[in-house]
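The values are calculated or read from the model by the stated rules, or taken from the named source; none is laboratory data. Since we're looking at a predicted model, the values are computed, not measured. We place every Cβ from the backbone using ideal geometry, glycine too, and count neighbours over all the protein chains shown. For the accessible areas, the whole protein counts, side chains as well, though only heavy atoms, and no ligand, DNA or RNA atoms are used. Shrake-Rupley method; radii C 1.70, N 1.55, O 1.52, S 1.80 Å.
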Amino acid sequence: MRDTLDIWRETARRHALLPLRIFLGVTFTYAGLDKLTSDTFFTDSANGSLVQILHGSHDTAAIPAMIDLALKAPHPFGYAIALGELAAGLGTLFGLLGRVAAAGGAAISLSLWLTVSWSTTPYYYGNDLAYLMAWLPLVLAGAPSLSLDRWLRRRREPAADVPAARTAAATGAAAHGGPVRSVPPA
C-alpha cells in the first residue's frame, strides 16, 4: 500500500503543472484565434474593436505611452497580440519551447494588465494580473512532463540514467560472449 501511495504522489508531483498548462494553453490559443477570426476586432469603428478598447483605456492605463504606441499602428499591433497569444497557447499546450512560450504569455498578460485592465477596481476583478501570476510557474519550470521539449531532449541525450562507461563495458562483454556484470554506482 505504501509503495502505491508513493508512486501516486511522485506521479502527481511530476504532472502538477499539467492542468495549468492545459488551461493557459487552451485559453490563449482560443484568445488568439478569436481575435484573428473576429468580425469586429480589426474594424476600427465597431464596438469591441481594438481601436475602441485602446481609446477607452488610455486615460486609466498605468502606462498610457504603451497605448499611444499601439495606436500608431493598431492593426499590426492587434495581429502581433493575436499571433503572440496563439504562439504562447500552442507552445504551452504542446510543451514546445515551454519557458519561452510561458514568458511570451506572461509578457502579454503584463502588458494587458498595465494598459487595458489597470483601472479594474478592486484589482482582483481583473483577470490579466491573475494570468500573469499563473504564467510564472511555467516560466520557472517550463514543461517538464508530457511535452515536446522533454521528448526532444531525450532524443538528443543518450540514456541519462546509465553512465556511458558502464554501458560500453556491458555491451563489449556481451558482444564477446563474456559475462555481463553490473558495476556498483560510482
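Below is a table of values for the structure above.
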{"item": "Residue 44 accessible area, 1.4 Å probe, all protein chains in place, Å² to nearest 10", "result": "70"}
{"item": "Note, ³J(HN,Hα) from phi for the stretch 121-134, Karplus 6.51, -1.76, 1.60, rounded to Hz, x at Gly and Pro", "result": "10, x, 4, 6, 7, x, 9, 5, 5, 5, 4, 4, 5, 5"}
{"item": "Global form of the stretch 15-76, assessed from the alpha-carbon gyration tensor, a/c cut-off 1.5", "result": "oblate"}
{"item": "Largest-first ordering by accessible area, 1.4 Å probe, given options 113, 8, 118", "result": "8, 118, 113"}
{"item": "Extreme residue, positive dipole direction of the stretch 8-84, given options 66, 77, 16 (C-beta unit charges)", "result": "16"}
{"item": "Separation of the residue 23 and residue 46 label points, Cα + 7 Å toward Cβ, nm", "result": "3.0"}
{"item": "Förster-model FRET efficiency, 30 Å R0, residue 9 and residue 34, C-beta, rounded to 0.05", "result": "0.20"}
{"item": "The stretch 88-130: radius of gyration over Cα atoms, expressed as a fraction of 2.2 N^0.38 Å", "result": "1.32"}
{"item": "Stretchable slack from residue 125 to residue 62, in nm (0.36 nm times residue separation minus alpha-carbon distance)", "result": "21.0 nm"}
{"item": "With all protein chains modelled, accessible area of residue 140 [1.4 Å, Å²]", "result": "140"}
{"item": "Exposure ranking of 67, 22, 7, 81 by accessible area [1.4 Å probe, largest first]", "result": "7, 22, 81, 67"}
{"item": "Where labels lie 7 Å past Cα in the beta-carbon direction, separation of residue 2 and residue 110 in nm", "result": "4.7"}
{"item": "Exposure ranking of 14, 150, 155 by accessible area [1.4 Å probe, largest first]", "result": "155, 14, 150"}
{"item": "Dipole moment magnitude, nearest 20 debye, the stretch 1-120 about Cα centre, only Lys, Arg, Asp, Glu C-beta charged", "result": "480"}
